[in-house]
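The values are calculated or read from the model by the stated rules, or taken from the named source; none is laboratory data. In this text the structure is predicted, and so the values were computed from the model without any measurement. Cβ coordinates were reconstructed from backbone atoms using ideal geometry, including for glycine residues, and neighbour counts include every protein chain displayed. Protein only, heavy atoms only, side chains kept; ligands, DNA and RNA dropped before computing areas. Shrake-Rupley method; radii C 1.70, N 1.55, O 1.52, S 1.80 Å.
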Amino acid sequence: SPQPARPCARLPACAPAPRTVQPKARRGVAAMAAVADGGGPGASGGRFWVPHEASVWLPCRLDSISGAVATLRAETSRGEVVTYDAVGLGALAQVEDQQLEGVDDICSLHTVHEAALLHSARIRYSRQQIYTRVSRILIALNPFAALPIYSADCLRLYASARDSLDLPPHIFGTGHDALRGLREGFRDQAIVISGESGAGKTESAKLLLSYVAEVVKAEAGGHVEADGAGPGMHGVEEKVMRTNPVLEAFGNAMTVRNNNSSRFGKWLDMRFAATMGMLGCRVTSYLLEVTRVCSQVQGERGFHIFCQLLHERQSPALQGLELQEMGQYVYLRNSALHAPGIDDKLCFEELCSSLSALGFSEEEKAQIFKIVAGILTLGNCVFDAGDDRAMLRDAAPLLRTGELFGVDPRMLGRCMLWRKVVAGTDVTETPLKVDQAEAVRNGLGRMLYRHLFEWLIRRINLQLGTGDQADLSPVDGEVGAVESRDAAATDRDRLLGILDISGFESFEVNSLEQLLINLSNEHLQMQFNDHVFRSELEDCAKEGVTLGQDIVFADNADVVALLDGRAGVLDILDEEIAMPKASDLTFVTKVLRGHSKHSRMVVSRFSSGRACFGVNHFAGDVTYDCEGFLEKNADRFPSDDALSLLNSSEMQVLRDVVQVLLNERQAAGGGGDVGSSPGQPGAPRSKKPKSATSRFRSSLRELMAKVCAADNHYVRCIKPNKAKIPNEFTADMVREQMLFSGVLEAVRIRQQGYSSRMPFPSFVLRYRCVAAVRTVGASRAGLISWALTNGHA
């Protein structure tokens, strides 16, 4: 369906007036008259891109016109017959043979528009050619099947290419461009991979990593392994590849959209010497979905590590954990046990092998698995209502949790059932109600899992680094990422970053996580628009042409300001968590009071008292259900007693995990009790608390600084169908993702410049009848030589 109009930005040196993304050709009364008279494009045999419910755009040839109805036949294998308003034919774009060929590069088409882009992708996908280019932007459709296109021979072909544009579009071509940029320039390189869940981002990132690692190894004197397997790899390259099983086990899960969905964003920074040897690497994570620890949507899974441990619970390495079947754990009561296409036994073996390769000892691995088992068992501490306070239903899970964590179970139970209230020098303890005790328990479980994940990344970064700069990366938005990067980058050291991040999200229920994911995509989209715009001007400069007017494109700076600017939505959210008697509803009230007239704010007329608001994002409208916004944003630390207890654990790994949390709390200026609620008396306050959103905004600014400082390469991953099956192309779903990813915006910008482009030799051969007399009688080879020599004149 048509998208609402967007505000436009005008930049200098530009083109004709703005056009919509729908392909249009001849307009107005003259075109309609030509159709009615049976002449021009409306004559029998005319070819048009006709709107179609299933195909979105269908290439058709006109059979006949009867009154006001035109009958057309689709130029597809099915030969479908469709009808259309005869007068409206004049407003449709005409089909060109080239648009039906499934070209490698959409920009090689003489006429570029949405229909040509979508049909080219469809034709290519039917031939199992899953990659298509829009200039150097790579569109990657998930085949949902293994394809024989990643062999060692294929990798060598792209590694030895002069230019990736000389070869068919491929993920290896993007890797080639990035490495060439490092070799030839002095700017860092960044590859931005985006797409919705199930579009293939994780696999694309792994393929890029394998390409880079294999090429760097080969240039250092190694040899290329088939399919990027690389068992002969050594040093940093091998360790970089070993990070995948670890990050996937602890950060990925099965969702309704994807059986191996990354539930966090990842930035991988690889540092190279001038000789292109890999010196080090670091991983930075964004927005781990810790809510999945305690609950999942029916039919989804918890994080893979939970399922791997339970599947392999009888193995000698795990028998001491006394793990039970999945149905025995409250935190996994809605979780599926198996994920199609994922072998938990094999994945667990790869996890253990990768942890060893990354320097984790056997004792450390055992303690990591103990902590995960302890988190699961913690969820089985169920509370009943007693006399005005919560009581533990069964002591057995608490005793087992204390044993797994290596702490006193009685003290652990007291941390979940009582809260200290400090009033001046007086300290009193008050009992918690059932819902409060459950909030403390779940907060503790989520906190331990998140900081275990961050500790793993820190340890991985230590192994991937070199020298005294071994720990190259702050984790999950910690301040200093940009400074440490710039300090490491010299004239001899260059960086290649790979960003794997979720695309725009819009579900039936959208919470704070979706708001932050969509904000990050708004920032990336704004940067992408600027990149495409500059590329258009550079192309024109190379050709020696100037554009007559302004290029107009959809500018999303206003929605970024609404969410992330001064007095914007997130500023209001940060202020509200420090207010007494604040609630999710008071937050929404203040947002609507301040921004209800903003062009991007969508106010629901039928909210019926719900705490919600909508935002008109670049990709469309999203309604946010704000229940729990304040609690999630407060992200309160566990009580001092809980931290002291965990810090006294017999396990060194758990003490290290707690130290990561203590460092974060110190950087945030202190924090409150996990059992306290926003605005609740007795909750300790810091002078300037660091909220979850403020930490995320800080990390997002650092990420954008890295991306903007680099030469960028884009991979737009597309999920071709909801069923996750091969050879199925759902056109409206693909079109929507192309809109969300900014690919259609790139086509829009291209349309407003010189959308019809033809190589010089083809142009001269076609129009030599109007060329100078001395060229008319020339041979084909002579004309091509003349065109290449004089074409820029």
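Here are the numbers for the structure shown:
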read-out: Accessible surface, per residue, of segment 285-331 when the full set of protein chains is kept, probe 1.4 Å, Å²; value: 41 Å²
read-out: Protection-proxy order for peptides 334-346, 135-147, 634-646, each taking the mean of Cβ atoms within 10 Å per residue, highest first; value: 634-646, 135-147, 334-346
read-out: Whether segment 497-653 is rounded, prolate or oblate, judged on the alpha carbon gyration tensor where a/c under 1.5 counts as rounded; value: oblate
read-out: For segment 154-214: Kirkwood Rh in Å [reciprocal of mean 1/r, alpha carbons]; value: 12.3 Å
read-out: Percent carbon-and-sulfur accessible area, segment 66-199, ignoring ligands, DNA and RNA, probe 1.4 Å; value: 53 percent
read-out: Inter-centroid distance (Cα atoms) of segment 304-323 relative to segment 581-660, Å; value: 34 Å
read-out: Sites matching GluC sites (Glu not before Pro) across segment 268-351 that sit in DSSP coil, with at most 15 neighbouring C-beta atoms within 10 Å; value: E322, E325
read-out: Accessible area (Å², 1.4 Å probe, nearest 10) - E403; value: 110 Å²
read-out: Calculated from backbone phi, Karplus (6.51, -1.76, 1.60) coupling profile of segment 90-103 in Hz, x at Gly/Pro; value: x, 8, 8, 6, 8, 6, 10, 3, 4, 6, 9, 8, x, 5
read-out: Estimated FRET transfer efficiency (A396, T589; beta-carbon r; R0 41 Å; 0.05); value: 0.35
read-out: Between segment 167-184 and segment 414-459, the alpha-carbon center distance in angstrom; value: 49 Å
